[in-house]
1. Looking only at helices (runs of 4 or more DSSP H) that lie completely in region C:43-110, which have at least 2 residues being at pLDDT 75 or above and surrounded by 23 or more Cβ atoms within 10 Å (Cβ to Cβ)?
2. Anything in region B:102-139 that is assigned to a loop (DSSP other than H, G, I, E, B) and farther than 29 Å from C:Gly26 by Cβ? List them, or say none.
3. For region B:77-120: of the residues being within 21 Å of the chain's Cα centre (by Cα) and hydroxyl-bearing (Ser, Thr, Tyr), which is farthest from B:Leu144 (Cα to Cα)?
4. Please work out which residue is nearest to D:Ile179 (Cα to Cα), limiting yourself to region B:1-49 and to residues that are open to solvent by 20 Å² or more (accessible area, probe 1.4 Å) and not in a helix (DSSP H, G or I).
5. When you check C:Phe33 against the structure, is it within 10 Å of chain A (Cβ to nearest Cβ) and buried (at least 19 other Cβ atoms within 10 Å of the Cβ), yes or no?
6. Determine the pairs where a residue that is assigned by TED's automatic domain parsing to the domain that holds B:Leu7, located within region B:32-45, has a partner that is open to solvent by 10 Å² or more (accessible area, probe 1.4 Å) and not in a helix (DSSP H, G or I) with Cβ atoms under 9 Å apart, the partner being 6 or more residues away or on another chain.
7. Go through (1) of a type in the set (Gly, Ala, Ser); (2) farther than 17 Å from D:Ile285 by Cα; (3) away from chain B (no Cβ under 11 Å) for D:Gly213 and report which single condition fails.
Amino acid sequence: MNLVLFAATVAVLVIMALALVRAFVGPGVYDRILAVNMFGTKTVLFIALYGFLTDRPEFLDIALVYTLINFIGVIAVLNFVKDTIEKDQPTAEPSTEEEL
Amino acid sequence: MLYLVFLTFGLATFWLLMSGFWDNPLLLSFGVISVLLCLFFAWKIEKKYPFHKAISLLPGLPLFWMWLFKEVVVANIDVLKRIWLPEEFPLSPTIRTLPMSQKTRLGKTTYANAITLTPGTISMDVKGNEVTVYGLLKESVDDLEKGEMDKRVSKLEKRIL
Amino acid sequence: MEILINFISAILLVLGVFLGISGAIGLFRFPDFYTRMHAAGVTDTLCTACIIGGLVLQAGFTLITVKLIFILLFTWYSSPAAGHALIKAAHKTGLRPLLRKDSEQEEKSS
Amino acid sequence: MLAATSIAVARMRNLFAAVMLFGIYSLLSANIFIIQDAVDVAFTEAAVGAGISTVLMLGTLVMTGYKEKKPSRSSFLPLFIVIVTGAVLIYGTLDLPPFGAADNPVHTHVVPRYLEESAKEIGIPNVVTSVLASYRGFDTFGETVVVFTALIGVLTLLGVSLPPKTPAQSPNEYPPQPILPIMAKLLIPYILLFALYVQFHGDFGPGGGFQAGVIFAAGFILYALTFGLRETMQLLSPNVLRALAGIGVLLYGGTGVVSFFLGGTFLNYSVLAQDPLHGQHYGIIIIELGVGITVAAVILSIYYAFMSRSKALSTDNQIL
């Protein structure tokens, strides 16, 4: 059983990495926010799984904090993005800024 | 006011279940204080923005959740097919404005969230009695237009009023 | 009995991970932001439910289960709200979605 | 992944994206803390790093503009300095004993005593809390005061003003868009209660004053984001917050003084009750409460101060 848990933990890490790549390449602010949001929810799962893997179920408290913070963070980011980027501004940035 | 009564129950349950120390008088009294503090803020918010008697979706909720869960599973399979076999199942993104029959804000919110929760459709805008839906597939928006979900949410809402 | 529970739990975990990976791949395969939202939706809903469900079976009937269920409830309550806010903000700031040809008119008329 | 993220942050010219990646960076480092079993640190990192600092940095961005200026000078000199500093640091670490070795000074000095005796002397299960609040009571007191001083600094620089009332909104109406306000209203009481849970269970599991304060503030920030800043200020006014921040510090210091007068030394709580164990326990609870109140009040005040500077943000939002 531990093997399955371990595999699942690693797999969630892989998902997180993929989301991270999406956050790096963009394009555009909203794609990044989406990727960050997904990264956050997967972090929650990662912590929960890792807690079970190491038999430390009090990690779940942290996972719960993450869900809260992630939600509030996304709302906050959206609020600011909306206020700062004017409607006529293109949301996708020029490609030179998206290298990496 | 009924909302606050329910909230008290909810908060107390939340505290007891989170804490797990049911025989420690010190922590229990802290629990009481904390719940009261939260209730105070909830009451201030409630005074300003009341739920229109829209208190307990509770009795019908489990059934609705079960139905919703089934919908979510079906919709997930749909989207999965598009992810893994893009050639055989092409995308057909669609935007359409649908009517909603809910009367209260809470009902409308529930409906919009149920739409978003099922992958394949996302509620994009709620204006008056209409919701703008963005769907990954034309078919899923068509399904939504048939209005089964709408009916179910409205039925939930009727219990409130 | 325990073997059975472990078995179901393992299946749920694997299923959840599969869904998560599909979602992540969808994040790359889908052509634009709006379609990608749906891919992320897959991971937020059923993937979380499956993994948490698998863990619940592992934990048995304890307070840990309750906390797991709180996490699941909170995710299912907050993720549609966040998704709605996200797509709405994107739409209002003028990011154009890819649409089917014949649905262009629908959008204009609405 | 941590390294990749930090490189990406440094390369990003769009500061919005950089801030978001910072959020990810915090989440990642919190994960590393978790893997190293430093649960309390991870808790703090999650709450402070990923949540609040992101929000505050965004607030700063709105005030200053979100594109970084193209650097005009060559980046060679800074690079050189960074490399030299890094080399010196690495050279320094060569002298350190091997990582995790059992006879490291860290492990032989006071730590074994903390770990072995804390259960006996303090009587609470979470060692981190007892170290933080009891053995290292002075340090933590200092930190609390630092937080408080930060508040004074920010308030002197920025000041808080009540944003103007928006004419479009009648007093008892919801904001025009139902979804987020309703969800926020449903969730906020539970968020606040969760914060209090973290506050009072710091002795049993991960958590404590700092984390609880942050989560509590986050609940109100969510309210501010969905209902507007003015509403939030009416719910919990800046003046009350300022008073609370002071009260928190006083509560902490006061506990120390009381224990001093009861015959112990400053911040030695053993004298607070008949049984030293109980005395320690009560002392820790009280000072954790002090820390929590201060942190929550300070963070929320700083948030108010930042947001009321920007007119666009303090009015109600139509889009969300």
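The values are calculated or read from the model by the stated rules, or taken from the named source; none is laboratory data. All values derive from a computational prediction rather than experimental measurement. Every residue, glycine among them, receives a Cβ derived from its backbone with ideal geometry; neighbour counts consider all protein chains shown. Ligands, DNA and RNA are stripped out before the accessible areas are found, and what is left, the full protein with its side chains, is counted by its heavy atoms. Shrake-Rupley method; radii C 1.70, N 1.55, O 1.52, S 1.80 Å.
1. Values: elements: C:48-59, C:63-92, C:104-109.
Answer list for region C:43-110: C:48-59, C:63-92.
2. In the first step, residues of region B:102-139 are kept if they are assigned to a loop (DSSP other than H, G, I, E, B); the result is B:102-104, B:118-120, B:128-129, B:136-137.
Once the filter is applied, which keeps residues that are assigned to a loop (DSSP other than H, G, I, E, B) and farther than 29 Å from C:Gly26 by Cβ, region B:102-139 yields B:Gln102, B:Lys103, B:Thr104, B:Gly128, B:Asn129.
3. B:Thr104
4. Filtering region B:1-49 for residues that are open to solvent by 20 Å² or more (accessible area, probe 1.4 Å) and not in a helix (DSSP H, G or I), the one nearest to D:Ile179 (Cα to Cα) comes out as B:Met1.
5. Values: within 10 Å of chain A (Cβ to nearest Cβ): yes; buried (at least 19 other Cβ atoms within 10 Å of the Cβ): yes.
When the stated conditions are applied, C:Phe33 passes them.
6. Within 9 Å, the pairs are B:Phe41/D:Leu236; B:Lys44/D:Leu236.
7. The single condition D:Gly213 does not satisfy is (2).
Residue-by-condition table, conditions (1) crowded, with 22+ Cβ neighbours inside 10 Å; (2) outside any helix (DSSP H, G or I); (3) modelled with pLDDT under 80:
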position	(1), (2), (3)
A:Tyr30	yes, no, yes
A:Ala35	yes, no, no
A:Thr41	yes, no, no
A:Pro57	no, yes, yes
A:Leu64	yes, no, no
A:Thr67	yes, no, no
A:Asn70	yes, no, no
A:Leu78	yes, no, yes
